[in-house]
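Chemist: The structure follows.
Derivation of every value follows stated rules applied to the coordinates shown; laboratory data play no part. It should be emphasised that the depicted structure is a prediction, and the values quoted were computed from it without experimental measurement. FYI the Cβ positions are ideal-geometry reconstructions off the backbone, even for glycines, and counts take in every protein chain you see.
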Amino acid sequence: MKYDEKDLLAKASKPQEIASELHSYYRGKIAVTSKCRVKDLHDFDIWYTPGVASPCRDIVKNPEKVYELTNKWNTVAVVSDGTRVLGLGDIGPAAALPVMEGKALIYKYLGGVDAFPICLDTKDPDKFIEIVLSMHPSFGGINLEDIEQPKCFYILDRLRKESPIPVWHDDQQGTATVTLAGLINALKVVGKNIEDVKIVFMGAGASNIRISDLIFQFGADAKKCIMYDSKGPLCKSRTDIMDNPSLKEKANICRITNKSCFEGPIAEALKGADVLISLSKPGPGTIQKGWLSKMAKDSIVFTCANPVPEIWPWEAKEAGARIVATGRSDFPNQVNNSLGFPGIFRGTLDVRAKTITDEMCIEAARELAKTAEDKGLSEDYIIPSMDEWEVFPREAAAVGAKAIEQGIAQIVLSRAELYKQAEAIIKQAREQTKLLMKEGFIPQPEKEF
């Protein structure tokens, strides 16, 4: 299908044109609401003093009771320093707050998770870690967001080791999970095995590094694959990376990929390649049609820059790609991490997992892929869309079951029980929003947007 470029560019810019006005109208996207009864003011004798002393004493006697007597069991902190916000770069913590609120809104609506935005006014990774570690009594989990590399790797690695509650970085693990799900099904459609394919990764940021890591764990042969940053292909000869201790993740990519140490341009690397996964500079024109025309038959192209993909999907198709995915909802095959984190954290919280392992992410990717497969795969449908809400309780059940299998869950339920519980929590969150809108507590602006 041919699209009109001017119309697409206008559509891409439309949300930005109206966003500030709507944000101002609502004065933010989330709020704290009560979940307990208040028949009259005497109820505060129970919820506050003197009655509240009783649960406090219970928690002193048994610290794990905090999960039973407070909302800690369902609360996630979305934490950022504002150093790499969407495509805006280092805009600071205050300017990052709208993004973190948006993340919290998605957590609630799609996962039934009570998430709270916290933007920290520090660029010091050790201070950042210290603050996050000190917050664990109030939260059931931590979602790191929009932190520049390479410190995002250091922060995540330390927090995963030191935090008593699960920590995850959505730009890394979330994007990787959803991309793997899309690739699993794309390979099924074209009839190729993951261990046989050559993959070229365009962009060597935190997202693509973690995507490649998860794809290699799933079975792709790293030696056949090549990753490109702004200076060229990564390989052992890249002394600018190998000799820099702060770039150990990129150095690892140099060691395990590109076995022949190919040093040519990406156009040459794509000759005969089966898959291109690009998280690079927004297009159009970042990727050329001529590059894609040299790829293997039935090639798969993921161009996930936002708001405009590195090449328009129809141009990629004209160049010979059989399957094309982007980060946009107005094209088929949207690869968006919003398909991952609400369900993954729902499952993590429901079994009170100590961490979120790579195996849990892979299991979430399998379930995402299976959800689409159950509906019938095609070149234009390799991954569910966000409005297929059943994907989130399915993910939650899969993730919770894997955590139980790995012995890191503190609550053990059957997979059917996990699904039923997650489905009920998510359904309630969605219905609450609809009811608040219906009753006017979430008002509709007089102006039509």
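Chemist: Find the percent of Cα-Cα distances in the stretch 1-56 that exceed 18 Å, and round it to a whole number.
Modeler: On the way: 998 of 1540 pairs.
Across the stretch 1-56, Cα pairs with separations above 18 Å total 65 percent.
Chemist: Hey, what do the phi angles of the stretch 75-92 turn into as Karplus ³J(HN,Hα) couplings, whole Hz, using 6.51/-1.76/1.60 and θ = phi - 60°, x for Gly and Pro?
Modeler: Once rounded to whole Hz, the list reads 10, 10, 8, 9, 10, 9, 10, x, 8, 8, 9, 6, x, 8, x, 7, 10, x.
Chemist: What is the angle, in °, between the Cα long axis of helix 206-218 and the longest principal axis of the Cα atoms in the chain? Nearest 10 is fine, range 0 to 90.
Modeler: That works out to roughly 80 degrees.
Chemist: What's the percent breakdown of Cα-Cα distances in the stretch 330-372 across 5 Å bins, shortest bin first?
Modeler: Each 5 Å bin holds this share of Cα pairs: 5, 19, 30, 24, 12, 6, 3, 1.
Chemist: Under the rule of at least 5 residues apart or a separate chain, name every residue whose amide H is placed under 5 Å from the amide H of ASP90.
Modeler: VAL85
Chemist: Next question, about the same structure. Need the full-extension length gain, LEU9 to LYS427, defined as separation in residues times 0.36 nm minus the C-alpha distance. One decimal, nm. Let's see the in-between values first.
Modeler: Values: separation 418, 0.36 × 418 = 150.48 nm, distance 3.48 nm.
Roughly 147.0 nm would be gained on extension.
Chemist: Rounding to the nearest 20 debye, state how big the charge dipole of the chain is about its Cα centre with +1 on each Lys and Arg Cβ and -1 on each Asp and Glu Cβ. Show your work: numbers first, answer last.
Modeler: On the way: 58 positive and 62 negative charges, 121 e Å.
Once rounded to the nearest 20, the dipole reads 580 debye.
Chemist: Let me ask you something else. By a straight-distance test (C-alpha under 15 Å), which aspartates and glutamates pair with LYS14 as possible cross-link partners, with residues fewer than eight away in the same chain excluded?
Modeler: Candidates past the 8-residue exclusion: GLU5, ASP330, GLU448.
Chemist: Can you tell me the Rg and Dmax of the stretch 310-385, counting just the alpha carbons, in angstroms?
Modeler: Gyration radius and largest Cα-Cα distance of the stretch 310-385: 15.0, 48 Å.
Chemist: Another one. Please enumerate, by chain and number, the lysines with C-alpha under 16 Å from the C-alpha of LYS375, excluding those fewer than 8 residues away in the same chain.
Modeler: Result set, ordered by chain and number: LYS188.
Chemist: Taking 7 Å along the Cα-to-C-beta vector as the label spot, tell me the LYS434-GLU162 distance in nanometres, rounded to one decimal.
Modeler: Label at LYS434, label at GLU162, 4.5 nm between them.
Chemist: If you don't mind, another one. Can you put ARG57, ARG352, ARG430, ARG210 in order, fewest other beta carbons within 10 Å first? It would help to have the intermediate numbers written out before the result.
Modeler: On the way: ARG57 10, ARG352 20, ARG430 14, ARG210 25.
Least crowded to most crowded, the residues run ARG57, ARG430, ARG352, ARG210.
Chemist: Which entries in LYS103/LYS250; LYS29/LYS354; LYS192/LYS420; LYS103/LYS427 show an alpha-carbon gap greater than 25 Å?
Modeler: On the way: LYS103/LYS250 28 Å; LYS29/LYS354 30 Å; LYS192/LYS420 35 Å; LYS103/LYS427 18 Å.
Checking Cα-Cα distances, LYS103/LYS250; LYS29/LYS354; LYS192/LYS420 exceed 25 Å.
Chemist: Would you report the distance distribution of C-alpha pairs in the stretch 200-279 as whole percents per 10 angstrom bin, up to the bin with the largest distance?
Modeler: 19, 59, 21, 0
Chemist: Now a separate question. Using θ = phi - 60° and the Karplus form 6.51 cos²θ - 1.76 cosθ + 1.60, what ³J(HN,Hα) does each residue of the stretch 322-339 get, whole Hz, x for Gly and Pro?
Modeler: 8, 10, 10, 10, 9, x, 9, 7, 8, 10, x, 6, 6, 9, 9, 5, 5, 6
Chemist: Let me ask another. So who's got an amide H within less than 5 Å of the one on ALA325, skipping anything under 5 residues away but keeping other chains? H placed 1.01 Å off N, in plane.
Modeler: VAL301, PHE302, THR303
Chemist: Using the alpha carbons of the chain, what is the convex hull volume per residue in cubic angstrom, as a whole number? Walk me through the numbers on the way to the answer.
Modeler: Values: hull volume 70.5 nm³, N = 449.
Hull volume over Cα atoms, normalised by residue count, gives 157 Å³.
Chemist: Kindly express, to the nearest 10 degrees and within the range 0 to 90, the angle between helix 151-162's C-alpha long axis and the longest C-alpha principal axis of the chain.
Modeler: Value to nearest ten degrees: 50.
Chemist: Relative contact order for the stretch 174-449 using alpha-carbon pairs under 8 Å, separation at least 6, rounded to a whole percent? Intermediate values should be presented prior to the final figure.
Modeler: Values: 516 pairs, mean separation 46.1, N = 276.
Computed over the stretch 174-449, the figure is 17 percent.
Chemist: Which percent, nearest 5, of DSSP beta bridges in the chain are antiparallel? Mind dumping the intermediate values first?
Modeler: Numbers: 4 of 34 bridges.
Approximately 10 percent, going by the DSSP bridge assignments.
Chemist: While we're looking at this one, here's another question. Between ILE411 and VAL60, what's the calculated FRET efficiency when r is the beta-carbon distance and R0 is 25 Å? Round to 0.05. Let's see the in-between values first.
Modeler: On the way: r = 22 Å, r/R0 = 0.88.
Plugging the Cβ-Cβ distance into 1/(1 + (r/R0)^6) gives 0.70.
Chemist: On to the next question. Rounded to the nearest whole Å³, what is the per residue volume of the convex hull around the Cα atoms of the stretch 32-172?
Modeler: On the way: hull volume 18.1 nm³, N = 141.
Convex hull volume per residue, Cα atoms: 128 Å³.
Chemist: Tell me, THR371, THR75 in order of fewest to most beta-carbon neighbours within 10 Å?
Modeler: Working: THR371 21, THR75 17.
By the 10 Å Cβ count, ascending: THR75, THR371.
Chemist: Roughly what angle does helix 415-438 make with the longest principal axis of the chain, taking Cα atoms, 0 to 90 degrees, to the nearest 10?
Modeler: On a 0 to 90 degree scale, this one is about 80.
Chemist: Let me check I've understood the local charge: for ASN208, count other residues with C-beta under 11 angstrom from its C-beta, Lys and Arg +1, Asp and Glu -1. What total comes out?
Modeler: Details: positive: ARG210, LYS250; negative: ASP171, ASP213, ASP229, GLU249.
That works out to -2.
Chemist: Mind pulling the per residue volume of the convex hull built on the Cα atoms of the stretch 239-375? Å³ is fine. Walk me through the intermediate numbers first.
Modeler: On the way: hull volume 22.1 nm³, N = 137.
Per residue, the Cα convex hull of the stretch 239-375 comes to 161 Å³.
Chemist: What is the Cα centroid distance between the stretch 10-32 and the stretch 155-173, reported in whole angstrom?
Modeler: So the two Cα centres are separated by 30 Å.
Chemist: Now a separate question. Among VAL335, VAL99, which comes first, second and so on when ranked by fewest other beta-carbon atoms within 10 Å?
Modeler: On the way: VAL335 24, VAL99 20.
In order of increasing Cβ crowding within 10 Å: VAL99, VAL335.
Chemist: Expressed as a whole number of Å, what is the distance separating the alpha-carbon centroids of the stretch 373-402 and the stretch 333-372?
Modeler: Cα centres, the stretch 333-372 to the stretch 373-402: 10 Å.
Chemist: Another question about this same structure. Rounded to the nearest 5, what % of DSSP beta bridges with both residues in the stretch 32-172 are antiparallel?
Modeler: Numbers: 1 of 14 bridges.
If I count the DSSP bridges inside the stretch 32-172, around 5 percent turn out antiparallel.
Chemist: Further question: Pop out the ³J(HN,Hα) list for the stretch 58-65 in order, Karplus 6.51 cos²θ - 1.76 cosθ + 1.60 with θ = phi - 60°, rounded to Hz; leave Gly and Pro as x.
Modeler: Going residue by residue, I get 4, 5, 4, 5, 9, x, 5, 5 Hz, with x marking Gly and Pro.
Chemist: Among LEU214, ILE425, ALA96, whose Cα lies farthest out toward the positive end of the dipole of the chain, if unit charges sit on the beta carbon of Lys, Arg (+1) and Asp, Glu (-1)?
Modeler: About the Cα centre, the residue reaching furthest to the positive side is LEU214.
Chemist: ILE382's amide H: which non-local residues (gap 5+, or another chain) put their own amide H closer than 5 Å, with H modeled 1.01 Å from N in plane and none for Pro or chain starts?
Modeler: For ILE382, the qualifying residues are ASN333.
Chemist: List the aspartates and glutamates whose alpha-carbon lies under 20 Å from that of LYS224, not counting same-chain residues fewer than 8 positions away?
Modeler: Cross-link targets: GLU195, ASP196, ASP213, GLU249, GLU263, GLU268, ASP274, ASP298.
Chemist: Let me ask something else. Between the DSSP loop rule and a limit of at most 12 other Cβ atoms within 10 Å, which chymotrypsin sites (Phe, Trp or Tyr not before Pro) in the stretch 48-113 are left? Could the numbers behind the result be given before it?
Modeler: Working: sites: TYR48, TYR67, TRP73, TYR107, TYR109; in loops: TYR48.
Sites meeting the loop and neighbour criteria: TYR48.
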